[in-house]
Amino acid sequence: MHKDAIADFYHFYKICCFRPLFLAFFRMSGSSILRFLITCGKIKRTVRTGWTRYGIEHPESVAEHMYRMALISTLLPKTEGFSVDKVMKMAIIHDLAECIVGDLTPYCGVSVEEKHAQEEAAMQSICEPLPADIRVELVDLLKEYDAQLTPEAIVCKDLDKFEMILQAFEYETQAEHPGWLEEFFQSTENVFKTPCVKEWVTALREARSKSTH
């Protein structure tokens, strides 16, 4: 048999033998990604605890909160010494663990340390189906956010608090009940560190002040 024919036959043989393995790999990969996305989908049905305490009907989900945070991150100036792209990623995943543990707040009787431990364990579980490099990146982003030691983590925390009081103002306006959710504004008094976010907070507080008079 001609050498080229032998080589072609061997190549064909390898394809026939290993094709099921390659197909199985891609099925597993697709299945793993699907499992991850379905788990993450639960966050769209996980409501923000703070609003339920006030009996707000159809309160926003954690997913809605994170979406607007990510949207706000696109408005950040690119000259303030942090990565906007990293802030956006952090905003999208920082509460993702809540699709398993729920939205834990100080009113739940859970310490900050225990909250972080539960959320990190949940994040590890959520990301388990993912390729190692992606899994490590997402889990590390959560750890970085919790530690609050990098510019991106600090900015993301500011966006978290700003989005919360923005939503509180919207609920007050919709209910025609000025000052109703004062608790959330008091809890964020003097906590903001990012210059541009401070400006947005000032504008929001001024708008709220006008609505109460």
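Could you count how many residues in segment 197-206 are more than 14 Å from Asp160 (Cα to Cα) and surrounded by 12 or more Cβ atoms within 10 Å (Cβ to Cβ)? Full working, then the answer.
Initial filter on segment 197-206 (more than 14 Å from Asp160 (Cα to Cα)): 199, 202-206.
Cutting the leftovers down to surrounded by 12 or more Cβ atoms within 10 Å (Cβ to Cβ) gives us 204-205.
Counting residues in segment 197-206 that are more than 14 Å from Asp160 (Cα to Cα) and surrounded by 12 or more Cβ atoms within 10 Å (Cβ to Cβ) gives 2.
Output the residue which, of all residues in segment 70-83 that are crowded, with 16+ Cβ neighbours inside 10 Å and hydrophobic (A, V, I, L, M, F, W, C), is modelled with the lowest pLDDT. Let's see the steps before the verdict.
Let us first name the residues in segment 70-83 that are crowded, with 16+ Cβ neighbours inside 10 Å, namely 70, 72-73, 76, 82.
Subset that is hydrophobic (A, V, I, L, M, F, W, C): 70, 72, 76, 82.
Details: Ala70: 98, Ile72: 98, Leu76: 96, Phe82: 93.
Ranking the qualifying residues of segment 70-83, first place goes to Phe82.
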Only one of (1) in contact (Cβ under 8 Å) with a residue 60 or more places away in the chain; (2) surrounded by 16 or more Cβ atoms within 10 Å (Cβ to Cβ); (3) not β-branched (Val, Ile, Thr) is not met by Tyr67, so which one is it? (1)
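Of all residues in segment 171-213, which are in a loop (DSSP other than H, G, I, E, B), over 25 Å from the mean Cα position of the chain (by Cα) and touching a residue at least 24 places away in the same chain (Cβ under 8 Å)?
Pro178, Gly179, Trp180, Thr212
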Out of all the residues in segment 159-193, which are in contact with a Leu (Cβ under 8 Å, 6 or more places away or on another chain) and within 26 Å of Phe82 (Cα to Cα)? Phe162, Ile165, Leu166
What is the one condition in (1) loosely packed, with under 12 Cβ neighbours inside 10 Å; (2) modelled with pLDDT under 95 that Ile56 does not satisfy? (1)
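The values are calculated or read from the model by the stated rules, or taken from the named source; none is laboratory data. Being a predicted model, the structure only gives us computed values, none of them experimental. Note that we place each Cβ from the backbone using ideal geometry, even for glycine, and neighbour counts take in every protein chain shown.
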